[in-house]
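First the structure, in the form of structure tokens, and then the observations on it.
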Amino acid sequence: MQKRIINLIKKGLQKLGEVLYPYRCPFCGKMIPEGICDSCRNILEEVSEPCCRKCGKPIRNEQKEYCTDCEKRKPPFEEGRSVWLHKEPVNQAIYRFKYQNQRYYGNLFADCLFEKFSGELKRWQIEAIVPVPLHWKKQRRRGYNQAEILGARLSRLSGIPLRLDLVFRTGYTIPLKQLNPTERRKMLQNAFYVSEEAARCRNVLLIDDIYTSGATIGTIARKMKQKGVSKVYFFTISIGQGF
Ligand SMILES: [Zn+2]
Ligand SMILES: [Zn+2]
């Protein structure tokens, strides 16, 4: 009987905690007022030098300027920044943010982007924040576009307008991993449409959750430049390594 009462009190307190502190650390799930818990902050691996001067991927060789992907592809964007390396526990948190409806993680991630890179936003003189769009079918199934959540928060923090009318997804893409590089390029070429409106913006920031090979961001950047945008930059939460 006593045990049952104690359990009930415990449960009640837990519920009260959830009401008072409805946030959990996105990386370990610990309940905290808001943000990232201290122990996770200590273990998360932030992107650090030496980095690729183009995409910002960490590289091993300090003598090199660019990562292997950028050396090969010469991407059409100017520069990019990401907060963390795409490995445990960041990859898991991004997975939950995208596929398990943990939308509020997006605000925390965008706060980190702003904390770290508000200087870049000023230096690059960004005029528009543009989230990488999802196909409408995917967005309807998921209920939201994770890149849009990041972009909306960053727009609120920085005062730079969020533009959802510049890039559209026209094609429904199958996972890029299943394709060879030529097929991949072809499919991506047909997957995005950039509107004429883009020509009014000089400096644009694309925002997405992860940067891997840069194929998606590169494709959009190329199309934006064809429409008259002068400079394209990007932010992502995490990035792979580029040796
Ligand atoms: Zn944590
Ligand atoms: Zn690079």
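The values are calculated or read from the model by the stated rules, or taken from the named source; none is laboratory data. Keep in mind it's a predicted model, so treat the numbers as computed, not measured. Counting neighbours? That spans all protein chains shown, and the Cβs are built from the backbone with ideal geometry, glycine included.
Okay, here's what the table says:
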quantity	calculated
Filter result for ILE160 (among the β-branched types (Val, Ile, Thr) and assigned to a helix (DSSP H, G or I))	no
Selection count, the stretch 218-228, where residues are crowded, with 24+ Cβ neighbours inside 10 Å and either charged (D, E, K, R) or more than 19 Å from PRO175 (Cβ to Cβ) (or both)	2
Subset tally (residues that are touching a strand residue (DSSP E or B) at 6+ places or on another chain (Cβ under 8 Å) and in a loop (DSSP other than H, G, I, E, B)) for the stretch 53-67	6
Residues located in the stretch 195-217, provided they are buried (at least 22 other Cβ atoms within 10 Å of the Cβ) and more than 22 Å from ARG153 (Cβ to Cβ)	ALA198, GLY214
Residue list for the stretch 30-49, restricted to those being more than 7 Å from ligand 1 (Cβ to nearest atom), in a loop (DSSP other than H, G, I, E, B) and either touching a Leu at 6+ places or on another chain (Cβ under 8 Å) or of a type outside the set (A, V, I, L, M, F, W, C) (or both)	PRO33, GLU34, GLY35, GLU45, VAL47, SER48, GLU49
Single residue of CYS37, CYS25 found to be touching a Cys at 6+ places or on another chain (Cβ under 7 Å) and crowded, with 19+ Cβ neighbours inside 10 Å	CYS25
Test: LEU157 is in the same structural domain as THR68 (by TED's automatic domain parsing) and within 30 Å of SER48 (Cα to Cα)	yes
Any pair with Cβ under 8 angstrom, 6 or more apart, that starts in the stretch 43-55 at a residue that is in the same structural domain as LEU85 (by TED's automatic domain parsing) and ends at one that is loosely packed, with under 13 Cβ neighbours inside 10 Å and of a type in the set (Lys, Arg)	PRO50/ARG60
Boolean, PRO33 is more than 15 Å from ligand 2 (Cβ to nearest atom) and either at pLDDT 90 or above or of a type outside the set (S, T, N, Q) (or both)	yes
Residues of the stretch 134-151 satisfying the condition of being over 12 Å from the mean Cα position of the chain (by Cα) and either at pLDDT 95 or above or closer than 17 Å to ARG103 by Cβ (or both)	LEU134, LYS138, GLN139, ARG140, ARG141, ARG142, GLY143, TYR144
Test: residue in the stretch 180-188 that is under 25 Å from LYS57 (Cα atoms) and part of a loop (DSSP other than H, G, I, E, B)	yes
Qualifying position, being in the same structural domain as LEU162 (by TED's automatic domain parsing) and part of a loop (DSSP other than H, G, I, E, B), among LYS98, LYS138, LYS87	LYS87
Residue in the stretch 68-80 that is within 12 Å of ligand 1 (Cβ to nearest atom) and assigned to a loop (DSSP other than H, G, I, E, B) present	no
